[in-house]
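Each remark here refers to the structure printed beneath this line.
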Amino acid sequence: MNFRDLVQDTLRTLWAHKVRTFLTMFGIAWGIVSITLMVAAGEGLRVGQARVAEGFGKNILIVFAGRTSMQAGGLRAGRPVRWRDTDHADIAAEAWACQYVLPELGRTLVVRSRYNSGVPLVTGSLPAFAEIRSLDVAEGRFYSDQDQVEGRRVVFLGSDLKRQLFGSNHALGETIHIANTPYTVIGVMRTKYQDSSYDGRDINKAFIPFRAMVRDFPEKPPLPANSIDQLIVTAPSLELHDECKRQVRRALGRMHGFDPRDEEAAGIWDTVEQSRAFRKMTDGMKFFLGAVGVITLLLGGIGVMNVMLVAVRERTREIGVRKAVGATRGAIIGQFFAETMLVVFLSGGSGMAIAYGICSLVNLLPMPQFFAGLMPTWQAGLLSAGLLGLVAVSAAMYPASRAAAVDPIEALRYEAGG
């Protein structure tokens, strides 16, 4: 029997038992659909969360000053610590594993335009602040290195603050007064979603060069005039992130006289740690949901095996006749093996097509911020294909060997007696 005759004979056999074949194939297809959709949902949740987290900052450390909880260098515990406006330069020179070390100083101030006024948070930092805090430009530009060096009175507005101060009017080039000091609007931020903050949403803030900030709006007594709120730190890669964090603690401890292990003296909000924890959670969810799909697929494989065993029993006389006229054991095994593989791969391919079709349709709908849609990965496809092959071979081997083991004389007698 050639391959074409084998396929035609297999299709005729399956068509003769349409309901049984459909139910068997449905179990396999549902297993593939389950694996693909569940893994795709987990990946969509992970990617969605990562996108939202980037709205807050790109793998950053926010370093807050606090109070010492350990004695160090003869100094008492419980001593308040304040960062200075020169600390960022000293840390950058010492912490080779860090890419950016930026100061940040924020003040809540009255801001007036010729149309309206408000009391937003005005933040001063260095130009790299826009990159690492994801402050994308909708109009104009962010302040530059030259703006910072010269301490120019220029301001970049958050999208909501621009609407509050100017409404639908043009803002670029306009003068606003920040606590009665004139500043020129040079840019407006693109609207973004921010899932967390430590001092408010960026869309409601005004951003000015750090030199202008410490000159025009320094901290007021009893705080030292040269003190700042926090430091923003990033590493050039995730591999250097933990080393950068250690170096920042060590440098600050040396400069301010506290033990680098004292987490109360230098509190750090580590967004990378937060992302890692969330990724572990979503990976665990993907593995669990994927395992449910695998179990469904294996159950479908058992169903295929049972159906093929029934087919062997029903076709005992056919097998006996074929063996009596010279069919070899290999030919019998090949026939039933081919039938099983055809059932499994037809149903598995249908399941894969259905799953990817569902993903495409769902992704046409508007998604919530934390969910990027159903995102099937090549790993999930490879896993499905591998499991499908394993199930096909496992489900085929036993029925095929049972068919090949049929004795032709007993087979003819069995069918005649039946």
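The values are calculated or read from the model by the stated rules, or taken from the named source; none is laboratory data. Fair warning: this is a prediction, and the values are worked out from it, not measured in the lab. Here the Cβ positions follow ideal geometry from the backbone for every residue, glycine too, while neighbour counts run over all protein chains shown. SASA here: full protein model, heavy atoms, side chains in, ligands and nucleic acids out. Shrake-Rupley method; radii C 1.70, N 1.55, O 1.52, S 1.80 Å.
Among the residues of the stretch 106-120, is there at least one that is hydrophobic (A, V, I, L, M, F, W, C), outside any strand (DSSP E or B) and open to solvent by 60 Å² or more (accessible area, probe 1.4 Å)? Yes, the stretch 106-120 contains at least one residue that is hydrophobic (A, V, I, L, M, F, W, C), outside any strand (DSSP E or B) and open to solvent by 60 Å² or more (accessible area, probe 1.4 Å).
Being outside any helix (DSSP H, G or I), at pLDDT 70 or above and closer than 23 Å to ILE32 by Cβ is the requirement here; does PRO366 meet it? Here the answer is no, as PRO366 does not meet what is asked.
Could you grab me the full set of residues in the stretch 132-155 that are assigned to a strand (DSSP E or B) and more than 17 Å from ARG114 (Cα to Cα)? First the steps, then the outcome.
Pass one, the stretch 132-155, residues assigned to a strand (DSSP E or B): 137-140, 154-155.
VAL137, ALA138, GLU139, GLY140, listed by residue number.
From the list THR184, THR191, which residue is assigned to a strand (DSSP E or B) and polar (S, T, N, Q)? I'd like the intermediate steps shown before the answer.
On the way: THR191 fails: assigned to a strand (DSSP E or B).
Criteria check complete, one pass: THR184.
Only residues that are surrounded by fewer than 21 Cβ atoms within 10 Å (Cβ to Cβ), touching a helix residue (DSSP H, G or I) at 6+ places or on another chain (Cβ under 9 Å) and either in a loop (DSSP other than H, G, I, E, B) or β-branched (Val, Ile, Thr) (or both) were counted across the stretch 216-247, and they come to 3.
Of everything listed in (1) closer than 30 Å to SER237 by Cα; (2) modelled with pLDDT of 95 or more; (3) surrounded by fewer than 22 Cβ atoms within 10 Å (Cβ to Cβ); (4) not acidic (Asp, Glu), the single unmet condition for SER197 is (2). Counting the residues of the stretch 34-65 that are out of contact with any helix residue (DSSP H, G or I) (no Cβ under 7 Å at 6 or more places or on another chain) and modelled with pLDDT of 85 or more gives 3.
Where residues in the stretch 143-174 are without any contact (Cβ under 8 Å) to a residue 60 or more places away in the chain and polar (S, T, N, Q), which of them is least open to solvent (accessible area, probe 1.4 Å)? Ranking the qualifying residues of the stretch 143-174, first place goes to SER159. Every listed requirement among (1) closer than 14 Å to ILE208 by Cα; (2) among the aliphatic types (A, V, I, L, M); (3) touching a strand residue (DSSP E or B) at 6+ places or on another chain (Cβ under 8 Å) is met by VAL149 save one, (3).
For the stretch 61-76, the tally of residues that are out of contact with any Lys or Arg (no Cβ under 8 Å at 6 or more places or on another chain) and either under 28 Å from ARG276 (Cα atoms) or of a type in the set (A, V, I, L, M, F, W, C) (or both) stands at 7. I'd like to check something: does the stretch 184-205 contain any residue that is among the aliphatic types (A, V, I, L, M) and within 28 Å of the chain's Cα centre (by Cα)? Yes - at least one qualifying residue is present in the stretch 184-205. The single condition among (1) open to solvent by 20 Å² or more (accessible area, probe 1.4 Å); (2) in contact with a Leu (Cβ under 7 Å, 6 or more places away or on another chain) that MET213 does not meet is (1).
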